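Data first, discussion second: the structure below is written as structure tokens.
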Amino acid sequence: MPSIGKLLLVCLALLGATGCAQNPVSGRQDFVMMSEAQEVSVGRSSDADIRKQYREYEAPALQDYVDGVGQELAKKSHRANLKYRFTVLDTPEVNAFALPGGYVYITRGILAYLNSEAELAAVLGHEIGHVTARHGVRQQSAAQVADIGLAVASIFVPQLNSGAGQNLTNILGGALLSGYGREHELEADRLGAEYLARTEYDPQAMIRVVGVLKNQELFDAEIARQEGREPRRYHGLFASHPDNDTRLQQVVGESGHLTVANPKAEYGKFLQHLDGMTFSESADQGVLRDNKFMHAELGLALSFPDGWRVLNLPDKLVAVGPQSEAAMQLTSEAQPPVTPASLARRLAGNSDSPVESLDINGLPAAIVTLPAAVAGVIYLDRKAYLIQGKAKSRAAFAANRKDMLETIRSFHTLSAAERKLAKPLVIKLITARPGDTYARLARHSPLGKQAENYLRLINGGYPDGEPKPGQYVKIVE
Ligand SMILES: [Zn+2]
């Protein structure tokens, strides 16, 4: 069952079943409230779904460090009694989010852009703010049920449907990854700044971190425009830059009465924890470059159509067309003792749909076409790879059929050159020497044309900063 969908149902049921509860931050009576025990139980089941979409980043020292910083903030929050859990997720996406009941997630993708413990505390403090103000609980309303949008799972060939895609859509469709609206985000910023001050960090770190993320977002929007893809968005960022955002300045300023005499920043301690952290996708996840997916361990590559949004999930790849009217997915299973054509026929529910046996880039394969779907079966190294494409309507299928077939036919064994590209990138911490510039450090960077901009962004030096001699600098190798 999709957790967020379940959450909605639980909330809607509770609307009728229970009365008001007191908001821990405002002290006022809120009308959409569940008991704390219900909140924790909703958080727990949603956490299980998050873990189907994302893996925990395997770096115990970093996990402990992030948890330690988070626990200190949580202890000083309005709901210190809750049991909080802070988890670093193994994804290059730039995001952080919280579930009701004290489950807080931060991606290694966002960590790469931070440069001090104070900035980390600002991100965690903001998320704790969502938990203490019970935004995740208040947000769930009837209006949002309508906002769930495209159910990825439902558009796949039913026989091939594993059901897991539904969770993804509900999570992506909900407020979790997209934020809670301007007022809730400002409240989370205000609460986060207050928790920073209470734990001896400078509350202004909240504005700095919003600035860092805003720069990243503006840069990504520009690259996305050039690449013809959707920009990535971090939840809670709004149109204006934080430097010009008077509301944000104001809410953070409200924690000014708690100004800290000698605020902690902990640049070195924080940055040392990032040394060696994966920057791009990890090796066992495969990497995506310009919609080409390459997997070094599995030794395969394939290209999705331009303009499609490709999501690399732990157990599958999902690609969604520009207007969400079509989607594809790549999964694998152990190769059965039958031909690709027999497997394709079985997957199509043994219907009389036409099955074509063929050779795709030297690999035994079959393609089956259904009224509004197409599926390719390709055998490689004792695995059967299934690439399915389906559209919401026959018209949308007709419009996307050629692209889907091209994707299936692009499947091939990884070349030596691709194997090099498929190597995951990692962050390396160096000390800047006199004369070092971001342009010079970018010269042999695997980050490509935009390396100088990326180095500036991850080091807080965007758009025109330069490293100072003796300063720690993150580079990517
Ligand atoms: Zn937020």
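May I ask you to list the aspartates and glutamates whose Cα is less than 18 Å away from that of K392, ignoring any residue fewer than eight positions away on the same chain?
The reachable aspartates and glutamates, counting only those whose Cα sits under 18 Å from K392, are D147, E325, D403.
Short version: ³J(HN,Hα) in whole Hz for each residue of segment 93-104, in order, from phi by Karplus 6.51 cos²θ - 1.76 cosθ + 1.60 (θ = phi - 60°), x for Gly and Pro, what are they?
4, 9, 6, 8, 7, 9, 9, x, x, x, 8, 10
Just from the alpha-carbon atoms, what are the Rg and Dmax of segment 281-395 in angstroms?
Values for segment 281-395 (Cα only, Rg and Dmax): 14.2, 41 Å.
How much FRET efficiency would the formula 1/(1 + (r/R0)^6) give for D64 and K449, where r is the Cβ-Cβ distance and R0 is 41 Å, rounded to 0.05?
Computed FRET efficiency for D64 and K449: 0.65.
Spelling out what I want: for every residue of segment 461-472, take phi, set θ = phi - 60°, compute 6.51 cos²θ - 1.76 cosθ + 1.60 (Karplus), and round to whole Hz; glycine and proline get x.
x, 8, x, 9, x, 10, x, 9, x, x, 7, 5
For a quick check: sort T278, T132 by the number of other beta carbons within 10 angstrom, fewest at the front.
T278, T132
Using the structure shown, list the pairs from K316/K390; K423/K468; K423/K449 with a Cα-Cα distance above 22 Å, or answer none.
Values: K316/K390 16 Å; K423/K468 30 Å; K423/K449 18 Å.
In this structure, K423/K468 exceed 22 Å between Cα atoms.
Give me the number: length gained by fully extending Q250 to D464, i.e. 0.36 nm times residue separation minus the C-alpha to C-alpha distance, one decimal in nm.
Values: separation 214, 0.36 × 214 = 77.04 nm, distance 2.72 nm.
Computed gain between Q250 and D464 is 74.3 nm.
How many nm is it between the label spots at S415 and K269, if each spot is 7 Å from the Cα in line with the beta carbon?
That separation, rounded to one decimal, is 4.9 nm.
Among S351, S282, rank each residue by its count of other Cβ atoms within 10 Å, from fewest to most, as a rough exposure measure.
S351, S282
Taking only C-alpha pairs under 8 Å that are 6+ residues apart, what is the relative contact order of segment 426-476 in percent?
55 percent
Apply the Karplus parameterisation 6.51 cos²θ - 1.76 cosθ + 1.60, with θ equal to phi minus 60°, to every residue of segment 81-90 and state each ³J(HN,Hα) to the nearest whole Hz, in sequence, with x for glycine and proline.
Here the 3J(HN,Hα) series is 6, 5, 8, 8, 10, 10, 10, 8, 8, 7 Hz.
Report the semi-axes of the equivalent ellipsoid for segment 368-468 in whole Å, largest first, where each axis is √(5λ) for an eigenvalue λ of the Cα gyration tensor. Walk me through the numbers before you get to the answer.
Numbers: eigenvalues 398, 70, 20 Å².
Ellipsoid semi-axes (Å, largest first): 45, 19, 10.
Output the direction-averaged projected area (hull surface divided by four) of the convex hull of the alpha-carbon atoms of segment 426-476, in nm².
3.0 nm²
Values in this text are rule-based calculations from the coordinates and carry no lab data. The shown structure was predicted, so the numbers you read here are calculated from the model rather than taken from an experiment. Using ideal geometry, Cβ is built from the backbone for each residue, glycine included, and neighbour counts are taken over all protein chains shown.
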